[in-house]
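*Asks:* Provided herewith is a single structure, encoded as structure tokens, for subsequent inquiry.
The values are calculated or read from the model by the stated rules, or taken from the named source; none is laboratory data. Computed from a predicted model, the values in this text were never measured in an experiment. For neighbour counting, all protein chains shown are included, and Cβ atoms are generated from backbone atoms with ideal geometry for every residue, glycine included.
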Amino acid sequence: MTLLRTALLAALPAVYAQFPPPGVPYPNTTYPNATNSYIDYAALWGQTEGEYFPAPWGEGSADWADAYAKAREFVSQLTLVEKVNLTTGVGWEGEKCVGNIGSIPRLAFKALCLEDSPLGVRDTDFNSAFPAGVTAVTTWDRNLIYQRGVDMGAEHRDKGVDAQLGPVVGPLGRIPEGGRGWEGFSPDPVLAGIAVAETIKGMQSSGIMATTKHFILNEQEIFRQGAPPANLSLNSISSNIDDVTLHELYLWPFADAVRAGTAAIMCSYNKINNEYACQNSYTLNHLLKGELGFQGFVMTDWGGHHSGVTAALSGLDMSMPGDIGFDSGNSFWGANLTIGVLNGTIPQWRLDDMCVRILAAYYYVDREGNQVPDAPNFSAWTLDTFGYEHWVAQENYEQINYHVDVRGNHRDNIRATAVAGTVLLKNNGALPLTGYEKLTTVFGYDSAENPWGPNGCSDRGCDNGTLAMGWGSGTANFPYLITPLEAIKAEVQAVSNGAFESVTDDYAYTQMVALARRATQVNGVCIAFGNSDSGEGYIAVDGNLGDRNNLTLWNNFDQMIANITSECNNTVVVIHSTGPVLLDSFYDNPNVTAIVWAGIPGEQSGNAITDILYGKANPGGKLPFTLGQYRGQYGADDLYLPNNGLESPQSDFAEGVFIDYRVFDKLGVTPLYEFGFGLSYTNFSFSNIQIQKHSAPAYTTPTGMTSPAPTYGVVSNNSADYVFPAGFHQVPLYIYPFLNNTDLGSSSGDLEYGSDYVFPAGGYNSSSQPYLPAGGAPGGNPGLYDVLYTVTAEVTNTGSVVGDEVAQLYLNLGCPSDPVVVLRNFDRITIQPGQTVTFSADLTRRDLSNWDSPTQNW
Ligand code: BGC
């Protein structure tokens, strides 16, 4: 087995590198040290709350009532081990999805399949590769964002996935170099919040569970699990934050996600104020389940689980992928959760709450009405038709891939989103092109396909060829990738049978200069493609450990452009990037006649950019972040070096709410291109702004108390009832809820079992609890969402072609400590030439409020 495992690990170095190697000391399970040191640290950062117990039990509030009724009835029938089986993954590569919980055969309850990613079904074939979140949000178009969610959800459903591991609003995008910002939306919380809500509603309308992640403050990749890529001698980074910033910035879009009904939330790898996110009683119990009234379940990020009892009392509901180190065969939960309930360190009501939450989420999205045959009909571990069901154990050789084509007509939304999510930054009249240019020339590897194929690098972990997806778990295989090179060439052919040449080697300067010279001599056009890539921390690309080392364009693009523009007086620059990039070396060069930011567009990349360049679509995308002149202008930067010995590196969010445009405004710095900026082939004018006040009900604090913690069914206290049944076949390395024998201590496998640890007494309190002032319903106090004002304005298309304008409403909240302005609402409107349309945007109470830490209310 050791040899076999070594061989498998060798085959998966990138994935495995993030987790503890086999043979690390067996960590505490049921009795980890429950003493938190973070309270002092939190106080230092103005955090008014420390630990928070008990873990709120789900009550089935708002539109969750029916789902809760079904869940309670189901859970009431379960034995202790059946309950535990719902809460704990079977271990890494134990079943066919990246995450799998156990089944309940007695009640024909199929094991749940949890699968990435936020932009399509990962690790399979015949799926779509959607535009990344950053391109979706750049459309500022609620309908397109919603439809993308519907289509992604349908593809997961049709592959037999129960929970899609997305969308992302953590990272929010504090750090422009941060590796995973592109998986999510925007560093602006309102824009991110609207995008995440539309995405969730779309996904769940297709009958699968959305998993909003990563909760919370997972703002950089480096040190997320210790030293890069993973070093157990160092603890995970701690994001240290004050209460106001947490509420006004990072928690905001999660409130929208909860209000939109997200079925699941994934807690993150990092610590928050020096306690791990997946056992942080303040963020999980107080913020998420208390204040935001979250009714679904919390799962760990993969390997983000760090204790047995503490995590359970602190609000965790599901351990993923279930084992401590990948394929270690041991778990903080599984049998140890069974033991925890039997020895009284975990109250039955807490386990019951975990199960009710998981089942309620399942019913809430109508999973039982959305099953497909052979689900899951793919294996995350191979694209071969036949293989092992239990991949790591190499057991059950059978058909594991059915190659089901789930793409439907989704390419329509994919292309429309990529088009609408493209931003025209500069245009001196060069665009749109006609197709009749005498010589069209294209430059740069970013225009062409990776020579190893569009899926040639595992999890897109390289930057070869045109960038249509970042790297890491937030990816999907391309069914095809339409490159800009082929699409532009086809367009020129179709329109005029025109001459077309390209140089796709970024360092072939001699050839580039010669071609650029020829293009200029015949009044042709030079289209230069460049990119900047990033991804998840378990893969390093060109020395970038997930997070980028800088904001410059890759492959020395600045030099490439300098060479091209030395000859070509009509150079159109197209950028694909995962986040902000530096354009200062060429943006004002007169030979650069246009600049287009084309985001992270997915499979229809080439068609989308061609639609824009040739005016088949009028650009209407707006930047979801700010493009500055140099990295020091942004409010925060990555922490690249440990700053706390072998203890958790400390990342102090000392800039407060002043990230992205808020810091540019605060310091009076004019960026190259501001947040919300984007040109069109037409012009718009605004007039007649009006503010209408509504008579909303007064803002009240929720009254009354919760019910006492309910329990469902009776748990026998006899450990003999929970040992492995006679003759039971154990799949090697699989995580089970059963005990090895009737002795709890030896079954736990924990050398420190029974040590005298002190657990927080409040964690066992099952009596009725008051509601929090800012709480009371999913998303927080319902009064926060009362509409207080409506703002209208007239928008006129003063040009000669139809176009889309995104009207954006910004406010100053009025305190000296507030940002100069904050975005509060927007609408993307299509307007005919000469036509005037009324823009209308509501402002809610939340939109007009600041967080008041002393009263813990808005
Ligand atoms: C990532 C998650 C992902 C999980 C499962 C983790 O490394 O942080 O976003 O869902 O792996 O693939």
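*Asks:* Since residue 704 meets every condition but one in (1) surrounded by fewer than 14 Cβ atoms within 10 Å (Cβ to Cβ); (2) modelled with pLDDT under 95; (3) farther than 28 Å from residue 771 by Cβ; (4) of a type outside the set (Val, Ile, Thr), which condition does it not meet?
*Replies:* That leaves (3) as the condition not met.
*Asks:* Another question, then. Scan the range 426-434 and give yes if some residue there is of a type in the set (Gly, Ala, Ser), in a loop (DSSP other than H, G, I, E, B) and buried (at least 19 other Cβ atoms within 10 Å of the Cβ), otherwise no.
*Replies:* no
*Asks:* Please go through the range 316-349 and give me each residue that is over 21 Å from residue 715 (Cβ atoms) and within 24 Å of the chain's Cα centre (by Cα), ordered by number.
*Replies:* Of everything in the range 316-349, those that are over 21 Å from residue 715 (Cβ atoms) and within 24 Å of the chain's Cα centre (by Cα) turn out to be 320, 321, 322, 323, 324, 325, 326.
*Asks:* Another one. Mind counting the residues in the range 744-787 that are among the hydrophobic types (A, V, I, L, M, F, W, C), surrounded by fewer than 18 Cβ atoms within 10 Å (Cβ to Cβ) and over 34 Å from the mean Cα position of the chain (by Cα)?
*Replies:* Within the range 744-787, residues that are among the hydrophobic types (A, V, I, L, M, F, W, C), surrounded by fewer than 18 Cβ atoms within 10 Å (Cβ to Cβ) and over 34 Å from the mean Cα position of the chain (by Cα) number 3.
*Asks:* Let me ask you something else. Pick out the one residue from 496, 458 that is surrounded by fewer than 23 Cβ atoms within 10 Å (Cβ to Cβ) and within 16 Å of the ligand (Cβ to nearest atom).
*Replies:* On inspection, the qualifying residue turns out to be 458.
*Asks:* Next question. Do we find that residue 310 is crowded, with 24+ Cβ neighbours inside 10 Å, more than 16 Å from the ligand (Cβ to nearest atom) and among the β-branched types (Val, Ile, Thr) in this structure?
*Replies:* Here the answer is yes, as residue 310 does meet what is asked.
*Asks:* Would you be able to say whether some residue in the range 363-377 is in contact with a helix residue (DSSP H, G or I) (Cβ under 7 Å, 6 or more places away or on another chain) and not in a loop (DSSP other than H, G, I, E, B)? It would help to see each step written out before you state the result.
*Replies:* Residues of the range 363-377 that are in contact with a helix residue (DSSP H, G or I) (Cβ under 7 Å, 6 or more places away or on another chain), as a first pass: 363-365, 370, 372, 376-377.
Still in the running and not in a loop (DSSP other than H, G, I, E, B): 363-364.
There is at least one residue in the range 363-377 that is in contact with a helix residue (DSSP H, G or I) (Cβ under 7 Å, 6 or more places away or on another chain) and not in a loop (DSSP other than H, G, I, E, B).
*Asks:* Before we move on, is residue 325 within 15 Å of the ligand (Cβ to nearest atom), under 28 Å from residue 753 (Cα atoms) and surrounded by fewer than 24 Cβ atoms within 10 Å (Cβ to Cβ)?
*Replies:* When the stated conditions are applied, residue 325 passes them.
*Asks:* Does the range 169-184 hold any residues that are basic (Lys, Arg) and either more than 21 Å from residue 551 (Cβ to Cβ) or within 14 Å of the ligand (Cβ to nearest atom) (or both), and which are they?
*Replies:* Once the filter is applied, which keeps residues that are basic (Lys, Arg) and either more than 21 Å from residue 551 (Cβ to Cβ) or within 14 Å of the ligand (Cβ to nearest atom) (or both), the range 169-184 yields only 180.
*Asks:* Continuing with this model, one more query. Can you pull out the residues in the range 86-104 that are within 23 Å of residue 157 (Cβ to Cβ) and assigned to a helix (DSSP H, G or I)?
*Replies:* 86
*Asks:* Go through 120, 94, 166, 99 for me and flag whichever is within 22 Å of residue 312 (Cα to Cα) and either within 16 Å of the ligand (Cβ to nearest atom) or over 22 Å from the mean Cα position of the chain (by Cα) (or both).
*Replies:* 99
*Asks:* Another question, then. Could you please let me know if residue 114 is among the aliphatic types (A, V, I, L, M), within 15 Å of the ligand (Cβ to nearest atom), crowded, with 24+ Cβ neighbours inside 10 Å and closer than 30 Å to residue 245 by Cα?
*Replies:* In short, no.
*Asks:* Going by the structure shown, is residue 507 surrounded by fewer than 18 Cβ atoms within 10 Å (Cβ to Cβ) and in contact with a helix residue (DSSP H, G or I) (Cβ under 9 Å, 6 or more places away or on another chain)? Talk me through it step by step, then tell me what you get.
*Replies:* Numbers: surrounded by fewer than 18 Cβ atoms within 10 Å (Cβ to Cβ): yes; in contact with a helix residue (DSSP H, G or I) (Cβ under 9 Å, 6 or more places away or on another chain): yes.
Answer is yes for this residue.
*Asks:* Of the residues in the range 28-76, how many are modelled with pLDDT of 95 or more, outside any loop (DSSP other than H, G, I, E, B) and not hydrophobic (A, V, I, L, M, F, W, C)?
*Replies:* So the count comes out to 7.
*Asks:* Within the group 571, 578, which residue is polar (S, T, N, Q) and within 16 Å of the ligand (Cβ to nearest atom)?
*Replies:* Among 571, 578, only 578 is polar (S, T, N, Q) and within 16 Å of the ligand (Cβ to nearest atom).
*Asks:* A further question follows. One residue is enough: does the range 156-178 have a residue meeting the conditions modelled with pLDDT under 95 and either touching a Phe, Trp or Tyr at 6+ places or on another chain (Cβ under 8 Å) or under 25 Å from residue 121 (Cα atoms) (or both)?
*Replies:* no
*Asks:* If the Cβ limit is 7 Å and pairs must be 6+ apart or interchain, which residue in the range 537-548 that is closer than 10 Å to residue 178 by Cβ pairs with which residue that is outside any loop (DSSP other than H, G, I, E, B) and within 16 Å of the ligand (Cβ to nearest atom)?
*Replies:* From the range 537-548, the pairs are 546/535.
*Asks:* Please state which one of 544, 477 is within 35 Å of the chain's Cα centre (by Cα), within 16 Å of the ligand (Cβ to nearest atom), over 25 Å from residue 569 (Cβ atoms) and surrounded by fewer than 24 Cβ atoms within 10 Å (Cβ to Cβ).
*Replies:* None of the other options fit; the residue is 477.
*Asks:* So, one more: Among the residues of the range 825-858, how many are closer than 18 Å to residue 815 by Cα, charged (D, E, K, R) and either in a loop (DSSP other than H, G, I, E, B) or within 27 Å of the chain's Cα centre (by Cα) (or both)?
*Replies:* Selection size over the range 825-858: 3.
*Asks:* Can I ask one more? What do you reckon, is residue 707 polar (S, T, N, Q) and outside any strand (DSSP E or B)?
*Replies:* yes
*Asks:* Would you kindly identify the strands (runs of 3 or more DSSP E) lying entirely within the range 185-291 that contain at least 1 residues that are surrounded by 24 or more Cβ atoms within 10 Å (Cβ to Cβ) and more than 16 Å from the ligand (Cβ to nearest atom)?
*Replies:* Correct list: 238-240.
*Asks:* Answer yes or no as to whether residue 160 is small (Gly, Ala, Ser), touching a residue at least 60 places away in the same chain (Cβ under 8 Å) and within 16 Å of the ligand (Cβ to nearest atom).
*Replies:* no
*Asks:* Is at least one residue of the range 75-84 surrounded by fewer than 20 Cβ atoms within 10 Å (Cβ to Cβ), touching a residue at least 60 places away in the same chain (Cβ under 8 Å) and either over 21 Å from residue 719 (Cα atoms) or within 16 Å of the ligand (Cβ to nearest atom) (or both)?
*Replies:* no
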